[in-house]
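Let me begin by presenting the structure, written as structure tokens, before commenting on it.
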Amino acid sequence: MLPFGILITSALIALSTIVFQPSFADRSSDDEVARRVPYESTETSWPIPECSGASVADHACYQQRYESLVRDSGVQAAFGKLKDEFTKDEFVNSKCHHLTHHIGRAAAELYGEIAGAYSQGDDFCASGYYHGVIEAIMATLEADELLGEADNICADLRDHQNHSFDHRNCVHGLGHGSMYVLENELFEALRTCDALTDEWERDQCSGGVFMENVNAHDNPGHHSNYLKGDQPFYPCTEVKSEYKTQCYARHTEYALKVASQHGTTAQDNFAKVFDLCAKVEDDFRSACCSGVGHQAAMETSLAEITDEGRAALSRELCTLGQDNEALYYCVVAAARQFVFYYDSDAHAKALCESLICADLRAVCLQRTDEQMAKQQYGQGSAL
């Protein structure tokens, strides 16, 4: 078991490579300002389903609801409704990130290009809106066009906002979009990431591919052949080394879904996944434990508990790891995810301050401040 002092010194750089969260024009331009005019409804009235009764947990109903709100009243109105229902509707709360994807897709169809859609964007629920925009843009391409066009889609962001929040969301969205266009053929989708000339872009793109692969578990209409209940971290063992970090971090969500099918408690499920992380390839255990931390933060976001209770639960879940290293990566990833998800450092600092170990508490607070600063400067992202 390694002491925290050594872990903190050796792991800061490694943690920064795991990102758990585009546009063709520089946002400072006059042209971009012109695109920010509020959306005005047309005379066309779109039916907006209520999604109650038998449809209270029907994903297709909510998809139609938020897409129709965008077409009828605009992106900001759709987000206003989503934020209100997030606090009242359990399904909206649990599927919020996926629903923001649908708002983004509808916005891309409405505005017809990335810059216009991004100018109306909202970071709520881990920036799924921006991923959805890119998915819709990529849906206009044929499968045989992907490799030739991949490096061009986020080119303006690469040139004008390199490694920014929008740039990251664009290339992450490329991964999601590739999976849609290629019908969840994961290794073919990773070839789209291979076509990107920038190493950082390839990494972020692969994160979108693996995230979409895991999403298929909850979407019967978008089946993936690359999820195996008896091997929760497949296909991580089979992908090239440069994509393994993102794969192991992302597939912790699927591993928890598999564990939960047996009706055990969250604590039991997290302990099982930590056991799996302890057995993965040596160089990627930290990525796996960081993925568990990301999921610990998300687990508490779905629970109806106080802020103090949220900090206590996330800390409890992270302490289920087998050693100091697992605890370290889990806690820091959870803190970063709290900042990213809520666009606030309140929940993260509550978690950090609840830690008994002074060294771990200090580095948790440091990473929280760094994450908050990045978001304030348009560079924030977590897993």
The residue from 148, 128, 80 that alone is at pLDDT below 90 and out of contact with any Gly (no Cβ under 6 Å at 6 or more places or on another chain) is 128
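Quick grid of which residues meet (1) polar (S, T, N, Q); (2) within 23 Å of residue 167 (Cβ to Cβ); (3) under 15 Å from the mean Cα position of the chain (by Cα); (4) assigned to a loop (DSSP other than H, G, I, E, B):
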position: 68; (1), (2), (3), (4): yes, no, no, no
position: 71; (1), (2), (3), (4): no, no, no, no
position: 81; (1), (2), (3), (4): no, no, no, no
position: 85; (1), (2), (3), (4): no, no, no, no
position: 98; (1), (2), (3), (4): no, yes, yes, no
position: 108; (1), (2), (3), (4): no, yes, no, no
position: 117; (1), (2), (3), (4): no, yes, no, no
position: 121; (1), (2), (3), (4): no, yes, no, yes
position: 126; (1), (2), (3), (4): no, yes, yes, yes
If residue 137 meets every condition in (1) touching a Ser or Thr at 6+ places or on another chain (Cβ under 7 Å); (2) part of a helix (DSSP H, G or I) apart from one, which number is that one?
(1)
Do we find a residue being more than 20 Å from residue 122 (Cα to Cα) and of a type in the set (D, E, K, R) anywhere in the range 159-175?
yes
Just one listed residue, out of 192, 140, is at pLDDT below 90 and either among the β-branched types (Val, Ile, Thr) or crowded, with 20+ Cβ neighbours inside 10 Å (or both), and it is 140
Residues that are buried (at least 23 other Cβ atoms within 10 Å of the Cβ) and at pLDDT 90 or above: does the range 40-61 have at least one?
no
For the range 311-352, how many residues meet the condition of being under 20 Å from residue 375 (Cβ atoms), in contact with a Leu (Cβ under 8 Å, 6 or more places away or on another chain) and surrounded by fewer than 23 Cβ atoms within 10 Å (Cβ to Cβ)?
1
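Would you pick out the residues in the range 320-364 that are of a type in the set (D, E, K, R), under 25 Å from residue 278 (Cβ atoms) and outside any helix (DSSP H, G or I)?
323
The values are calculated or read from the model by the stated rules, or taken from the named source; none is laboratory data. The structure presented is a predicted model; accordingly, all values stated were derived computationally and were not measured. Positions of Cβ are generated from backbone atoms using ideal geometry, with glycine treated the same way; all protein chains shown enter the neighbour counts.
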